[in-house]
Structure formats: structure tokens, C-alpha cells
Amino acid sequence: MREYLDLLARVRQHGKRKPQRAKLADGRRPEVLSLFGYQFRVNLADGFPLVTTKKLPWGAIVHELLWFLSGETNVAYLRANKVKIWDEWADASGELGPVYGKQWRRWQGADGQLVDQIARLVEGIRRVKADPHASEARRLLLSAWNPGDMPDPKVPTGCHTFAQFNIHDDRLSCQMYQRSADLFLGVPFNIASYALLTHLLAKTTGLQVGDYIHTFGDAHIYENHFEQVDEQLKRQPGPLPTLELDDMITSMDGLKFEQIRLKNYQPLPPLRGEVAI
């Protein structure tokens, strides 16, 4: 993932130091190095874009996406699968409020109408595949930012804010806009998650995969991650793994972890860092 490392290096070397709201466990607010506005592109046919310069928890990435797609907003499913990445923001019952699953599967408009964005997206992709002149061709959109339904501002809803999909030569591409990007901890997850989402949508609709484009608003590195980032930038990336999806996948509903397999992932050892809440 040279494209990701280039961004990491750019922010580490040229980012502007600025304050921010989140705190560490000791109550301290670390400053960040920040760059506003950046974009990179990868061809998903060249391999699955999972960072190799540190080991990532593939199981957590898959379970989180399946949790989003289920429409759930309680961390019970994640905890049952030993995924703790959302625990810090959950209340005593495990509830997070109207986060990604709610917005993707049960977006609520001002009139109270609920919209299943994933179902509409699949329907739209199929229509454009059948007829390139279909009006949905430039409307294949998925939004996590619903201003009328935002939870507690401390809960990181809508960090990966908006995605648009495109079909060309029977290949499905995705561009995701991320308003706030924790480059060391969060972004490797986000890249893999939206790449996997693109693969699943393509599989469901009988398409091949095209490009994944990641567009950033505030891309930042927390100061308590500087040492880990410096170590990561010394490492050489290895070959990308490949993704294998079960041929039985025909829907975005009811997906199972066992239907999604990663092959030949050979990362370097993990690098850990404390998340700011």
C-alpha cells in the first residue's frame, strides 16, 4: 500500500500542528499534525489494499463491515466476535446511537420515512448494468452523514462520510470521502472496509471491481502515534493479498464471515497506539 504510506509520510513531514477535541485515557488532549485535502487511487484488480507494513486484524475489519450492513447500532455482535474497537463509545447497554448501520439501512428523513440505502444502491447498480443510460448512473450514493439524526458529537459517526460508486466496462469503482481521518489507527481499517464493500457489491451484482479512490478532508496523525508512524515508514511494503468471495453470495443481506476469505496476507509485526476518544 505505497499510496497510503505516501500520505502518511506527507502528513508526518509537512502537516500543520493543531489542537483537537479528543482525549487520551489520562485526560490529555494530544495535538495532531494535519493536512486538509488529499486523494489517492488504487486498482482493486491489482490486489486487496490491506496494509502490509503492520499487521491488521482482518477478522475485526470483516466483522465491523458485516455489523454495518446488518443495520445494528449495538456492539453486542462485535463483542460476541471479540471485536472491541467500538467499546469506548458505547453506553452501558452497548448502544451507540444512530451510527453507520442505522444510516446505511434505516436512514430517517424529515417525514419519518425510512430508507434502506444499501438496498437502493444494489438496485441502482443493477439498473445501470442493464442500461448505461439509466438515471441512477450518477446517483449511486451512500451517505453516513444525516444532520437531522446525529448522535452525541463524541461518537465518531460519519468520519467516513460519503461514498459514490461508478460502473465502467462492467467494473464497479468506489470513491469515499472521509471528513476526519486518523491516519495511523483508523485509515487502514477504512481503506480495507470500503474496498471490501466494493467487492461485495460487485459480487452481488455480477460485476468486476475497478478502482478504489479515497478522498480526505482532515487527514491527521496524533502526536502519541509519531514514534509508531516513524517506525512504519521505515518498513518496506510487501505484496498485496487477494480476496476470495464465496460464489453463493448474491445479496448484501445475511452475509457470513466464512464467505469472505483473505489469501496470502504476509504483514510485518503489529504497531499499537492508544486511540483518542
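General remarks:
- Take 119-126, 207-214 and order them by the average number of nearby Cβ atoms within 10 Å per residue, most first; the result is 207-214, 119-126.
- Gap separating the Cα centres of the range 74-94 and the range 204-241, nearest whole Å: 25
- FRET efficiency for the pair E223 and N146, taken as 1/(1 + (r/R0)^6) with r the Cβ-Cβ distance and R0 = 45 Å, rounds to 0.90.
- Bins of 10 Å from zero: percent of alpha-carbon pairs in the chain: 6, 28, 38, 23, 5, 0
- The helix-only estimate of mean residue ellipticity at 222 nm for the chain, built from DSSP H runs of length n ≥ 4 each weighted as -39500 (n - 2.57), is -9000 deg cm²/dmol after division by the residue total.
- Within straight-line reach of K263, meaning a Cα separation under 28 Å, sit the following lysines at least 8 residues removed in sequence or on another chain: K54, K55, K82, K84, K203, K234.
- Packing-based ranking, highest mean first, of 157-168, 136-147 given that Cβ atoms within 10 Å are counted: 157-168, 136-147
- Label-point gap, in nm, between R272 and L233 - each point 7 angstrom along Cα→Cβ: 2.4
- N190 sits among other residues whose Cβ lies under 11 Å from its own Cβ, and their net charge, with Lys and Arg +1 and Asp and Glu -1, is -2.
- The aspartates and glutamates whose alpha-carbon is closer than 17 Å to the alpha-carbon of K256, local same-chain residues fewer than 8 away aside, are E64, E72, E244, D246, D247.
- Between F257 and A110, the contour length at 0.36 nm per residue exceeds the alpha carbon distance by 49.4 nm.
- Amide H contacts of F40: H214, each under 5 Å away and 5 or more positions distant or on a separate chain (H built 1.01 Å from N in the peptide plane; Pro and chain starts excluded).
Read-outs throughout are calculated quantities, based only on the coordinates presented, and are distinct from any laboratory measurement. Note that this is a predicted model, so its numbers are computed, not measured. Neighbour counts run over all protein chains shown; Cβ positions are idealised from the backbone, glycine included.
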